[in-house]
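Q: Following this message is one structure expressed as structure tokens.
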Amino acid sequence: MWRSLLVVFALFVACSSPPVAPQLPSVGAWQYIPEGSGEPDVEGPEWAWTGSRLFALGATNAVNSESDATLLDPGTAVWTPSTAVGGLSPRQYGFSVWTGAEVFVWSGLTYRTDLADGGLYDPATDFWRPLPAAPILPRHLGTAVWTGAAVIVWGGMSLDSASNDVYFNDGAKFDPASGAWSPLAISGAPSPRSWSSAAWTGTRMIVWGGQDTNGQLGDGAAYDPIADAWTPISAVGAPSPREAHGSVWSGTEMIVVAGECVGYFCRDGGRYDPAKDTWTLFSIPAPSGYIAGNSAAWTGSKLLTYGALPSGAGWGGIYDPRADTWAEMAPAPSQLARRVPDVVVWTGSSAIIYGGQYNGVYFGDGALFTP
């Protein structure tokens with residue numbers, strides 16, 4: 001089974017890189033979002049930003065009971081539960097993405113079993129429509145991107161009958177208009193893995209990093225859905241191998257940040273330019289012991305990341321890739337401290353930082369950060 005980032009946090013703090021972080025400008029303001037009825041309070045629920053509300057599918061804080069999908073309005077800090085009949089059951093680490101009209105959810109883990117079902121949820125009508133059977137096996141901890149015409153799911157892992165980890169390097173495309181799946185080519189694809197990241201460039205899906213039975217990985221490839229073909233990407237100058245890292249597309253580069261490296265939590269990242277097939281490295285000027293989750297947000301010009309410090313505080317960074325400079329988020333509300341959030345999403349004017357865990361304690365609250 002996968003290793004929890006936070007359960008092993010204390011073991012890696014001593015291995016974190018020692019440089020002292022420089023003094024950075026502190027910017028922005030916070031609005032705390034308290035726990036509400038229906039919000040997820042488990043590890044790895046399904047998330048998607050719909051353009052106006054944050055979709056979640058997991059379990060609720062109230063007596064840890066299961067729930068239907070819920071939606072958070074960041075303006076009012078109110079969760080509205082779905083009342084749709086036929087919604088999907090709660091799950092963890094599945095595949096979820098916003099298509100522009102519906103939330104796509106497929107597979108995921110529940111009680112150590114990967115679910116084979118999926119659905120498309122329309123928040124405007126509070127209606128689910130089921131997905132047909134996929135041409136690949138159920139799984140969790142893979143990647144999903146929306147191309148503008150189809151959802152691409154790839155990679156991930158499952159458990160065999162003896163509870164051994166099984167990794168995948170296959171995937172499939174789903175067209176919401178036709179309601180049809182089609183498998184991806186496997187030739188040239190990255191090796192089987194979970195905890196990788198994926199970014200959609202407008203023409204290709206870039207997959208990088210992740211982990212398999214031998215540990216963290218530092219390679220990747222780009223998939224062209226029109227040609228149904230994979231092309232390896234350069235490993236020269238790439239960041240150190242890692243898993244559970246954040247990834248965004250800037251418009252010209254894929255930016256990967258943080259994650260778990262071999263023997264320590266990463267405090268660096270890299271920018272990959274697919275036009276040149278080259279990498280540019282950068283460091284995260286966070287205090288020693290900093291650990292961020294696998295979610296990062298792109299504002300249109302800057303990357304936002306947030307994580308935990310061993311002191312019990314939280315630290316958020318704002319990275320400008322054009323200037324290669326960092327600013328620091330103003331100190332977060334005390335309730336948001338000491339966690340690695342499940343989700344960091346950009347609303348168009350602010351970032352929602354929500355959920356997460358620390359050493360097995362799960363959170364059902366969050367905050368809105370405005371730079």
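Q: Just how many % of Cα pairs in the stretch 160-298 lie over 26 Å apart, if you round to the nearest whole percent?
A: 25 percent
Q: Right, something else. Of the residues 82, 163, 288, which exhibits the maximal mean-square fluctuation in a Gaussian network model of the chain defined by a 10 Å Cα contact cut-off?
A: Of 82, 163, 288, the most mobile in the Gaussian network model is 163.
Q: Can you grab the distance from the C-alpha centre of the stretch 292-371 to the C-alpha centre of the stretch 77-147, Å, no decimals?
A: Cα centres, the stretch 292-371 to the stretch 77-147: 25 Å.
Q: Identify which of 193, 112, 139 has the largest mean-square fluctuation in a Gaussian network model of the chain, with springs joining Cα atoms closer than 10 Å.
A: Comparing 193, 112, 139 in the GNM, the peak value goes to 112.
Q: While we're on this one: Distance between Cα centroids, the stretch 211-256 to the stretch 153-203: provide it in whole Å.
A: Between the Cα centre of the stretch 211-256 and that of the stretch 153-203, the gap is 14 Å.
Q: Sort 177-185, 327-335 for me by packing, meaning the mean count of neighbouring Cβ atoms within 10 Å per residue, highest on top.
A: For the peptides 177-185, 327-335, the packing ranking is 327-335, 177-185.
Q: When a/c reaches 1.5 or more, the comparison of a/b and b/c decides; with that in mind, is the stretch 284-345 rounded, prolate or oblate per its Cα gyration tensor?
A: Prolate, because a/c is 1.5 or more and a/b exceeds b/c.
Q: Pick from 135, 239, 285: which residue has the top mean-square fluctuation in a GNM of the chain where Cα pairs under 10 Å get a spring?
A: For the chain, modelled as a Gaussian network with Cα springs under 10 Å, the answer is 135.
Q: A further question on this structure: Pairs of alpha-carbon atoms within less than 8 angstrom and 6+ residues apart define the contacts here; what relative contact order does the stretch 9-370 have, in percent?
A: 15 percent
Q: Follow-up question, since we're still on this one. Enumerate the amide H contacts of residue 38 below 5 Å, restricted to partners 5 or more residues apart or on another chain; note that Pro and chain-start residues carry no placed amide H.
A: For residue 38, the qualifying residues are 61, 62.
Q: Provide the net charge surrounding residue 86, with neighbours chosen by a C-beta distance below 13 Å and charges set as Lys +1, Arg +1, Asp -1, Glu -1.
A: In short, -3.
Q: Rounded to a whole number, what is D in µm²/s for the stretch 219-342 from Stokes-Einstein with the Kirkwood radius over alpha-carbon pairs (10 °C, 1.306 mPa s)?
A: The Stokes-Einstein estimate is 105 µm²/s.
Rule-based calculations on the coordinates, nothing more; no lab input. Just so it is clear, the structure is predicted and the values come from calculations on it, not from any experiment. Because the Cβ atoms are built from the backbone with ideal geometry, glycine has one as well, and the counts that use them run over all protein chains shown.
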